[in-house]
1. With a 1.4 Å probe and all protein chains left in place, how much accessible area per residue does segment 226-336 have, in Å²?
2. Out of the total accessible area of segment 1-147 (probe 1.4 Å, heavy atoms of protein only), what percent is carbon and sulfur?
3. Estimate the FRET efficiency between Glu558 and Asp63 by the formula 1/(1 + (r/R0)^6), using the beta-carbon distance for r and 51 Å for R0, to the nearest 0.05.
4. How high is the relative contact order of the chain, given as a whole-number percent (alpha carbon pairs under 8 Å, six or more residues apart)?
5. Using amide H atoms built in the peptide plane, which far-off residues or other-chain residues are under 5 Å from Lys551 H to H?
6. In what sequence, highest mean first, do 404-415, 530-541 appear when ranked by Cβ atoms within 10 angstrom?
7. I want to verify the translational diffusion coefficient of segment 3-250 in µm²/s; compute it with Stokes-Einstein, Rh as the Kirkwood radius over Cα pairs, at 20 °C and 1.002 mPa s.
8. Output the antiparallel fraction of DSSP beta bridges having both residues in the chain, as a percent to the nearest 5.
Amino acid sequence: MCGITGYIGYREAYPIIINGLKRLEYRGYDSAGLVLYNNDEIKLVKTKGKVSDLEKKIQENTDTSGTIGFGHTRWATHGVPNDVNSHPHYSESENLVIIHNGIIENYDTIKKALIERGYTFKSDTDTEVLINLIEEIKKKHKVKLGKAVQLALNEVVGAYAITVFDKEKPDEFVVARLGSPIAIGIGEDNKEFFIASDASPFIEYTKNAIYLEDGEMAIIKRDREIRVRNIKDDALVKYDVLELKLSLDQIEKGGFDHFMLKEIYEQPKAITDTFRGRMLPNEGIIKMQGIDDHKQKFLNANRIIIVACGTSWHAGLVAEYLFEDIARIPVEVEYGSEFRYRNPIITENDVVIAISQSGETADTLAAVKMAKEKGAFVYGVCNVVGSSIARETNAGSYTHAGPEIGVASTKAFTTQITVLTLMALKLGLEKGSISKTEFHQYLIEMGLIPDKVENLLAIDDKVKEIASIYKDATNFLYLGRGFNFPVALEGALKLKEISYIHAEGYPAAEMKHGPIALIDENMPIVVIATKKGHYDKVVSNIQEIKSRNGKIIAVVTEGDTTVKEIADHVIEIPETEEALTPLLTTIPLQLLSYHIAVMLGRNVDQPRNLAKSVTVE
Ligand code: AGP
């Protein structure tokens, strides 16, 4: 939650920071602010609202010159979104300035102690407490900024990625991280540096970056090589400079109205990128380094525990069906937030798989750490390369979906399912729970999925038409069975989060145990009724809906005639293996929620109250 970015060097800092904030807006967008320093003067502007509101405010009357500065886009935790609670925050003397992504849990105790020492507070934030603590330590111990930051961070409990500036040291700023990400972009010959929550704000300036690890800090000065220190013991840390693979066109809309739509349409390529180099049908193998290196862990596993949140949790539910059906390994799927707090029984023979697009979700990350402490082998399925979960896990596979910027997860979901399917198939073959012929057949089918998704996208206009009929509904039901029960949950989540229409997903057979009471002529019900997935049972469920006058939008296999006669609307998907149908049935549900949200005038890429990565619990 919250995006931070900054610049120090020889260029004008303002355009770099403001454009960087726009790229980071997916991380939070209830307020924004920035600070610049030039001619012995700190210029700090902040506002409730989006980065565009900040830009307007700055254009009114701010001199934006200066070659050092940093900015923040906020997702509120402590203190409602308003101008005062927006970042950056000054210290009491207004000599120090901070931006912060995270939560200082013991802020209240520190705040009370600082008030006793005469400090006053303008905002309700934990961040203002931290900057005043740094100021107090700096005065009390007569130390420089870097040392004061370090000492202060050793007093706080919580999570942070921070950047701090001191008017007395105008040629540097200090960054530190614990639990929230910070990337440092390194310009040529150390003449300039960029900092950001992810590398997107500086991708056109440099491909070289350092990712701070938890518990590390750095003082960033012009023309000086970066030194990274351990916050606890001050020891110098050896770091790697990574070469970034990200390109500018990957993080731009490329002619689409919204990132979400672009990302829906990117799925054929994203799925191909996910299995490219891994699936080798001619050799009859799937190559996955993470599994090959730890094969025995998986083959001897008593069970697999999947931990994730939101859409990634839904991908985990699909994986439960995949691993149990194809690899015959028992699976439990857990919400990161529940798992981490309920003292679960984990043994050394358990394999924990953490699924996360961002690799930064706080609850999933905490679940990973706990599972590791309890001795489990932990495997990550992440999209963001070098993310905290990717680094914290013992091994893993990236999804290679490319940057997902729309808050509503789309291609991340289908590529997670792709990776998990490959894992299940690979293990199934190793264990002998599927035959070589079946394995081969799956690989052939998987290879056809990108084209099938591509063809399926042609239904966009039809889905748009259906969206126009039901856009004013206040409730939706989504039903599916087997592999497509998680898809029903995902379809409902997609609609809720971007259109703000209430929607629930259920296993189709559960309808009779309660939700059927909701059905009347005003209730649209999306039913996934593909040919091989308990088809006859789902058809009976559709009949039950029809008898109660519910409006049926059915997702069926091409050529279906039975459901066509009963349903109000039918969306056809190409035929494939039952286990692979989620990769196809998901697409029309994504499009349906997208079009409804657009028709309702919602902010599709930045829905209210949400943020792309939930780095607070
Ligand atoms: C889904 O559209 C949401 N963006 C959300 O549920 C998301 O999947 C969840 O917050 C988990 O994020 P992660 O995959 O980055 O861990």
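The values are calculated or read from the model by the stated rules, or taken from the named source; none is laboratory data. Computed from a prediction, not measured in an experiment: that's the story for all the values here. No Cβ is skipped: glycine too gets one built from the backbone with ideal geometry, and neighbour counts run over all protein chains shown. Just the protein is used for accessible areas: all its heavy atoms, side chains included, with ligands, DNA and RNA removed. Shrake-Rupley method; radii C 1.70, N 1.55, O 1.52, S 1.80 Å.
1. 50 Å²
2. 48 percent
3. In this case the efficiency is close to 0.25.
4. 11 percent
5. Answer set, sorted by chain and number: Met523, Ile525.
6. Sorting 404-415, 530-541 by mean packing, highest first, produces 404-415, 530-541.
7. Answer, rounded: 121 µm²/s.
8. 60 percent
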